[in-house]
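Some notes on the structure that comes next.
The values are calculated or read from the model by the stated rules, or taken from the named source; none is laboratory data. All figures in this text were calculated on a predicted structure; none of them were measured in a lab. All Cβ positions, even for glycine, are placed from backbone atoms using ideal geometry, and neighbour counts span all protein chains on display.
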Amino acid sequence: QQPVQSPQAVILREGEDAVINCSSSKALYSVHWYRQKHGEAPVFLMILLKGGEQKGHEKISASFNEKKQQSSLYLTASQLSYSGTYFCGTKGEMNYKLSFGAGTTVTVRA
Amino acid sequence: DSGVTQTPKHLITATGQRVTLRCSPRSGDLSVYWYQQSLDQGLQFLIQYYNGEERAKGNILERFSAQQFPDLHSELNLSSLELGDSALYFCASSDGAGVYGYTFGSGTRLTVV
């Protein structure tokens with residue numbers, strides 16, 4: 001079952017912050033985050049495993065709320081290079097399938 | 001270069017035809033995944049192989065089949081092609097459990113005319 005991402009799109013000015021949410025109706029084992037630029041392949045950003053840990057990648061970090069089966073991706077002090085479509089992928093326990101959300105398109109303007 | 005090689009990069013074929021997409025995983029990765037991405041759409045999981053064995057199946061059509069060979073490369077076969085099969089097909093690879101994320105290839109863009 002596909003996770004639900006919100007918002008669908010966000011427009012930022014350089015230096016602004018944004019949060020992208022990803023939620024699932026099923027118990028999750030892991031959440032992946034990827035960024036895809038137009039015409040390119042998705043690129044892995046980070047993975048969060050069951051346990052509610054928070055991870056960081058430069059000024060991009062994420063959290064995983066196990067109780068709510070939700071993950072959030074935080075874009076801090078956005079840069080032009082952050083533009084792209086962000087996908088969360090979720091995997092349940094005892095489930096090998098990684099299902100992706102519909103994506104959130106982020107546009108960062110100067 | 002991500003280390004995952006997909007060929008061909010582009011493919012144009014007619015309805016009713018059959019095509020084969022090829023993927024070589026990153027060195028050391030045992031798992032291969034196939035995803036379909038239609039225009040401005042998300043990534044739809046098709047199938048996963050681990051060390052030659054099918055491990056998980058998504059909404060893969062009966063007209064589509066795949067396999068992973070002993071050298072770990074994988075092929076996705078699409079037959080009786082329809083216009084709606086036009087999409088970007090991505091292959092990704094990972095270690096067995098995927099706890100370090102998936103590495104995607106650059107994709108094969110299939111256009112059915």
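At a glance:
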| item | result |
| --- | --- |
| Residue within the stretch A:37-49 that is within 14 Å of chain B (Cβ to nearest Cβ), closer than 21 Å to B:N59 by Cα and not aliphatic (A, V, I, L, M) present | yes |
| Elements of type strands (runs of 3 or more DSSP E) contained in the stretch B:47-113, each with 2 or more residues being within 22 Å of A:Y29 (Cα to Cα), away from every other protein chain (no Cβ under 13 Å) and not basic (K, R) | none |
| Test set (1) assigned to a loop (DSSP other than H, G, I, E, B); (2) modelled with pLDDT of 95 or more; (3) under 20 Å from A:V43 (Cβ atoms); (4) of a type outside the set (S, T, N, Q) - B:G42 fails condition number | (2) |
